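Below is one structure, written out as structure tokens, with a few remarks after it.
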2 protein chains.
Amino acid sequence: MTKLERAERPDMPTEAAQAHRFGKARSAQSAALLEDYVELISDLMASVGEARPTDVARRLGVSHATAIKTISRLKREGLATSRPYRGVFLTDDGEALAERVRKRHRLVVDLLVAVGVPGDCAEADAEGIEHHVSDVALAAFRDFLARR
Amino acid sequence: MTKLERAERPDMPTEAAQAHRFGKARSAQSAALLEDYVELISDLMASVGEARPTDVARRLGVSHATAIKTISRLKREGLATSRPYRGVFLTDDGEALAERVRKRHRLVVDLLVAVGVPGDCAEADAEGIEHHVSDVALAAFRDFLARR
DNA sequence: CTGAAATTGTAGCCTCGTCTACATTTTGGT
DNA sequence: ACCAAAATGTAGACGAGGCTACAATTTCAG
């Protein structure tokens, strides 16, 4: 059973293809956290004029220590800046990412609603789904929504 | 700015609601890995008659050491069994989970295709998306597909 | 039946994301 | 102006998930 496996079930993807997919899903996941932070910070800036670590933490449902640590990572990756005891600010890169993420989120929610998912459920599911929707799929979503 | 924040932007969810959503997305993520393993093991059993750690590792694109460690977790959680140098087997619980996951995967792919996402892209994106689709959304997908 | 190759298992290390506990700084009410 | 409360920051722990390197077992070709 060394080389003939696939013959028995041609509907199973090749090893390489499957490994690649799982790999992509894994890296999407690692980007997901940063995307969530950036989007939230951007929203807070727009709605209350500032983004404080404590607010971010509360919104995300984590301890403030966790939020501060992740914000450090944001800074390390050039998405945000902050000085001790002052709020957090997004860099241009961070703001651009936030905008992309926000648009994608909207689109995902709209699509879910369009296929019949109740609004609040769509909103909740989108939170997890959005990080795994490729640009190609997003374009398809856009077309689909336009066609209705 | 202690209590009036929401007044300025009523379209932002409440702190509690948002925290809850993020929390759900986080736990979905922690379940995702086990789901992937269980589904893959089940597929391998069906297609080649056995699931060996090395095959699992190659399919997932991780080292065999990583696969073995995660398989231990599967055992710890009552989803699989294995004895040294023998393959991995799913418990009834594991098999049931695999079945649910497989069905959900199909449904997600079908829906993506139905809204116009190209087949291979749908397959790839589904790998990440499926873990975040709630039962309510799944039911909506089913209805939507039936209505065509 | 025997030894090399493949598979399986173990050990140790790293990073990330989370927490609690404690220290420091700012803010605000009196 | 001061002190308590709130916010912020730091330290240390833990589990998950990943890796490489090495050890042990099984398989198989000759």
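Every number in this text was worked out from the coordinates using simple rules, so none of it is lab data. In this text, all values refer to a predicted model and were calculated from it rather than measured experimentally. Virtual Cβ from ideal backbone geometry, glycine too; neighbours counted across all protein chains shown.
Quick notes
- Fewest-first sequence of B:His64, A:His105 by Cβ atoms within 10 Å of each Cβ: B:His64, A:His105
- Kirkwood-type radius of the range A:21-146, with distances r between different C-alpha atoms, in Å: 15.4
- What you get for the range B:26-146, charging only the Cβ of Lys and Arg (+1) and of Asp and Glu (-1), is a dipole of about 580 debye around the Cα centre.
- 10 Å Cβ neighbours from other chains, averaged over peptide B:137-145: 4
- Considering only B:Ala17, B:Ala32, B:Ala67, the Gaussian network model of chain B with Cα springs below 10 Å gives its largest mean-square fluctuation to B:Ala17.
- Residues of the range A:86-118 with an amide N closer than 16 Å to a point placed 7 Å from the Cα of B:Val136 along the Cα-to-Cβ direction: A:109-118.
- Each other residue within a Cβ distance under 13 Å of A:Gly23 adds +1 if Lys or Arg and -1 if Asp or Glu, for a net charge of +2.
- Taking packing as the residue-averaged number of other Cβ atoms within 10 angstrom, the listed peptides B:126-135, A:71-80 run from highest to lowest as B:126-135, A:71-80.
- Total charge dipole magnitude, the protein assembly as shown, about the Cα centre, Cβ charges on Lys, Arg, Asp, Glu only, Debye to nearest 20: 640
- Cβ-based net charge around A:Val88, under 9 Å, with every Lys or Arg adding one and every Asp or Glu removing one: +2
- Out-of-range pairs (alpha-carbon distance over 24 Å; input A:Lys24/B:Lys75; A:Lys103/B:Lys24; B:Lys69/B:Lys103; A:Lys24/B:Lys69): A:Lys24/B:Lys75; B:Lys69/B:Lys103
- 3J(HN,Hα) along the range B:134-145, derived from phi through the Karplus expression 6.51 cos²θ - 1.76 cosθ + 1.60 where θ = phi - 60°, amounts to 6, 4, 4, 5, 4, 4, 5, 4, 4, 4, 4, 5 Hz, with x in place of Gly and Pro.
- Computed about the Cα centre, the dipole magnitude for the range B:70-123 is approximately 300 debye when only Lys and Arg (+1) and Asp and Glu (-1) carry charge, each at its Cβ.
- Normalised by the number of residues in the range B:26-125, the average gap of Cα pairs under 8 Å and 6 or more apart makes the relative contact order 25 percent.
- Its DSSP H runs of at least 4 residues, each contributing -39,500 (n - 2.57), put the calculated 222 nm mean residue ellipticity of chain B at -23000 deg cm²/dmol, to the nearest 500.
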